[in-house]
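Remarks on the structure that follows.
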Amino acid sequence: MEENKTVMVVDDTETNIDILVELLGDDYEIMVAMNGKECLEAVRIQTPDIFLLDVMMPGMDGYELCRKLKSYKRTKDIPVIFVTAKDAIDDKLDGYDAGGVDYITKPIDPEFTLTTIKKHLGS
């Protein structure tokens, strides 16, 4: 049996994390971080197959976190999907400029979210 892929969810709001864990937990291993610093510390220990990043977080926002992940050899090729309430075209362009591969707006649509993640994991 194929081992489950690992999804790293980074969001400063526990409710948003809970929603994604509930949605993805049956199909994927889930790693969780409440901010960019926690995420960067966690990936030193275990590397996920994909990142789901909130944009608006205190300290390091999701765009900055994405740029950092893309600058590290260990994580530079791992897809980053932004999951955020910021839905203006400029926000999406900022996400792509930072190195993101896709953009999911909150409130999330479960079917769209699962399809988007599967697409980028090649499953």
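Throughout, read-outs are computed from the coordinates displayed, never taken from laboratory work. Computed from a predicted structure; not experimentally measured. We place every Cβ from the backbone using ideal geometry, glycine too, and count neighbours over all the protein chains shown.
Things to note:
- Per-residue ellipticity at 222 nm computed for the chain from its helices equals -13000 deg cm²/dmol, with DSSP H segments shorter than 4 residues left out and the rest contributing -39,500 (n - 2.57).
- Going from the residue with the fewest nearby Cβ atoms within 10 Å to the one with the most, THR47, THR15 rank THR15, THR47.
- Taking ASP61, ASP27 and counting other C-beta atoms within 10 Å, the order from fewest to most: ASP27, ASP61
- For the chain, the convex hull drawn through the C-alpha positions has a volume of 99 cubic angstrom per residue.
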